[in-house]
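S.K.: The structure's right below; bear with me while I get my questions together.
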């Protein structure tokens, strides 16, 4: 059992994950300190989303080997709902707001299983727009509002590790600013976070450090500033 | 006026049984993603239990015990067999549930023989209701078998109860959410398989209700399950796989179509298949089906 000191609060050890027979995550290892915000970057198809889903213990991709520890707890032995109860909160790509449910029901459903995070009233205080729309069918809201709800839904649960998958995807620039502001607020809560984002510059603004993936392996691990300052690195792996 | 009213009433009565069986089918498909061809056999099992228990202890005992028995049978089937097929193809699911239906049919045939078991209606459900005494717009003498009216009332009450359960309880909220995105629910910490096991049990309870109240009308014999499964399955497909309101709508449509073509036997025999072909050609996902699902 690994020790959970501050520097390896979240620890990923040589994970290999597959979609069917497609070998996507090819031996990824990294450590994240408690409270650290990491941008997980890389070109399309580098395995970013697959890595994130593996960390959240989705059934698909299948984790064939490797170990994942959160505060010393072995996530790799868990199913998705058990990992979520252990404090992993995935805000997935496309937000995955549940259709046919109201805004409030989408928040209630997040608190069915232990452990609870913010009370719904507190969420409404911080997200007055969601309070206004509480009785509305959640998927009838705009993309930005749905992203807001997706973040709020994660906060409705106890979060030890927040996994954000493409939070800015498909949003107009002005809305991206709005979500950025929300994530800056979330940052103040000191939640350990991994953010996957095509918009690397936006992700690095938020992050303390960065991991660059290339064809399913870690190509770089360092500070956010190092990535922004290193032109070659950016051109080779991020095309920015 | 009388003719129209009676045809509508008969249509409702025909829909009632389809509706009950189709609801169970679509509930199980919508939550577990399993095409359950054994559902007709569960209905038949409900009818057999109802006859046997009703003969021995009276209908009221059957009324309470048959749904409980079927709930238990449902849970055992889901935990013992069906759950191993969630990740498998629909073809595998159909094969295993179809096989199960054959096994149940054959077991019943071995025990009770191939003939129809007489199902005596309870005294309070026998006889006729003189509708003209209650409905002043009917002219002359208009009567309808009481049991068939009871079937209509019971089946619509069951539909209403299911909708209330799904719409207004915490359990219902979880099931509704799970029907739309079970993976997201897992990411929110919800162990959805446990809930879905109960859903399978509820599907079996609805089959039990269909057996209890439908048995006296349909005859209770070992081919019964298959006879009702095919049109009920058609109801589910036409309504839209996994859509409960769709199943209700499609069963009403079929019931009315069968009732209003009663005078023309040749048409009546093919009318629901004809309707299914036309509807599915125009709208492959069914009346209220979700986009991309089984389309």
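Coordinate-derived values only; no laboratory data. Please read all numbers here as calculations on a predicted model, not as lab measurements. We place every Cβ from the backbone using ideal geometry, glycine too, and count neighbours over all the protein chains shown.
S.K.: So which residues in region A:1-56 are in a strand (DSSP E or B) and without any contact (Cβ under 8 Å) to a residue 60 or more places away in the chain?
M.R.: A:11, A:12, A:13, A:14, A:16, A:17, A:18, A:19, A:22, A:31
S.K.: Moving on to the next point. Taking residue B:212 as meeting all but one of (1) touching a residue at least 60 places away in the same chain (Cβ under 8 Å); (2) touching a strand residue (DSSP E or B) at 6+ places or on another chain (Cβ under 9 Å); (3) buried (at least 20 other Cβ atoms within 10 Å of the Cβ), write down the number of the exception.
M.R.: That leaves (2) as the condition not met.
S.K.: From (1) away from chain B (no Cβ under 14 Å); (2) under 26 Å from residue A:228 (Cα atoms); (3) in contact with a strand residue (DSSP E or B) (Cβ under 7 Å, 6 or more places away or on another chain), pick out the condition that doesn't hold for residue A:15.
M.R.: So the condition that residue A:15 fails would be (2).
S.K.: Working only within region A:159-188, note down all residues that are in contact with a strand residue (DSSP E or B) (Cβ under 9 Å, 6 or more places away or on another chain) and assigned to a loop (DSSP other than H, G, I, E, B).
M.R.: Scanning region A:159-188 gives A:159, A:160, A:166, A:167.
S.K.: Moving on. Which of the following residues is buried (at least 20 other Cβ atoms within 10 Å of the Cβ), facing another protein chain (nearest Cβ under 9 Å), outside any strand (DSSP E or B) and in contact (Cβ under 8 Å) with a residue 24 or more places away in the chain: A:98, A:123?
M.R.: Being buried (at least 20 other Cβ atoms within 10 Å of the Cβ), facing another protein chain (nearest Cβ under 9 Å), outside any strand (DSSP E or B) and in contact (Cβ under 8 Å) with a residue 24 or more places away in the chain holds for just one of A:98, A:123, which is A:98.
S.K.: Based on what the data block shows, is residue A:156 within 26 Å of residue B:243 (Cα to Cα) and in contact with a helix residue (DSSP H, G or I) (Cβ under 9 Å, 6 or more places away or on another chain)?
M.R.: Against the criterion (within 26 Å of residue B:243 (Cα to Cα) and in contact with a helix residue (DSSP H, G or I) (Cβ under 9 Å, 6 or more places away or on another chain)), residue A:156 does not qualify.
S.K.: Turning to a different aspect of this structure: Just wondering, is there one or more residues in region B:189-196 that are over 30 Å from residue B:70 (Cα atoms) and not in a loop (DSSP other than H, G, I, E, B)?
M.R.: No, because not a single residue in region B:189-196 is over 30 Å from residue B:70 (Cα atoms) and not in a loop (DSSP other than H, G, I, E, B).
S.K.: Oh, and also: With the condition kept exactly as written, say whether any residue in region A:62-82 is within 30 Å of residue B:290 (Cα to Cα) and surrounded by 22 or more Cβ atoms within 10 Å (Cβ to Cβ).
M.R.: Checking region A:62-82: at least one residue is within 30 Å of residue B:290 (Cα to Cα) and surrounded by 22 or more Cβ atoms within 10 Å (Cβ to Cβ).
S.K.: Can I ask one more? From the list B:176, B:195, B:180, B:170, which one is over 17 Å from the mean Cα position of the chain (by Cα), surrounded by fewer than 18 Cβ atoms within 10 Å (Cβ to Cβ) and within 14 Å of chain A (Cβ to nearest Cβ)?
M.R.: B:170
S.K.: Oh, and also: Of all residues in region A:66-84, which are touching a strand residue (DSSP E or B) at 6+ places or on another chain (Cβ under 9 Å) and facing another protein chain (nearest Cβ under 7 Å)?
M.R.: Residues satisfying the conditions are A:80, A:84.
S.K.: A further question on this structure: Does residue A:228 qualify as being surrounded by 14 or more Cβ atoms within 10 Å (Cβ to Cβ) and assigned to a loop (DSSP other than H, G, I, E, B)? Write out each step before concluding.
M.R.: Values: surrounded by 14 or more Cβ atoms within 10 Å (Cβ to Cβ): yes; assigned to a loop (DSSP other than H, G, I, E, B): no.
No: the conditions fail for residue A:228.
S.K.: Looking at region B:49-69, can you tell me whether even one residue there is in contact with a strand residue (DSSP E or B) (Cβ under 6 Å, 6 or more places away or on another chain) and either assigned to a helix (DSSP H, G or I) or buried (at least 24 other Cβ atoms within 10 Å of the Cβ) (or both)?
M.R.: Going through region B:49-69, the residues in contact with a strand residue (DSSP E or B) (Cβ under 6 Å, 6 or more places away or on another chain) turn out to be B:51.
If we keep only those that are either assigned to a helix (DSSP H, G or I) or buried (at least 24 other Cβ atoms within 10 Å of the Cβ) (or both) too, we end up with B:51.
The answer is yes; a qualifying residue exists.
Quick grid of which residues meet (1) in contact (Cβ under 8 Å) with a residue 12 or more places away in the chain; (2) touching a helix residue (DSSP H, G or I) at 6+ places or on another chain (Cβ under 6 Å):
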| site | (1), (2) |
| --- | --- |
| B:42 | yes, yes |
| B:78 | yes, yes |
| B:83 | yes, no |
| B:89 | no, no |
| B:99 | no, no |
| B:110 | no, no |
| B:115 | yes, no |
| B:127 | yes, yes |
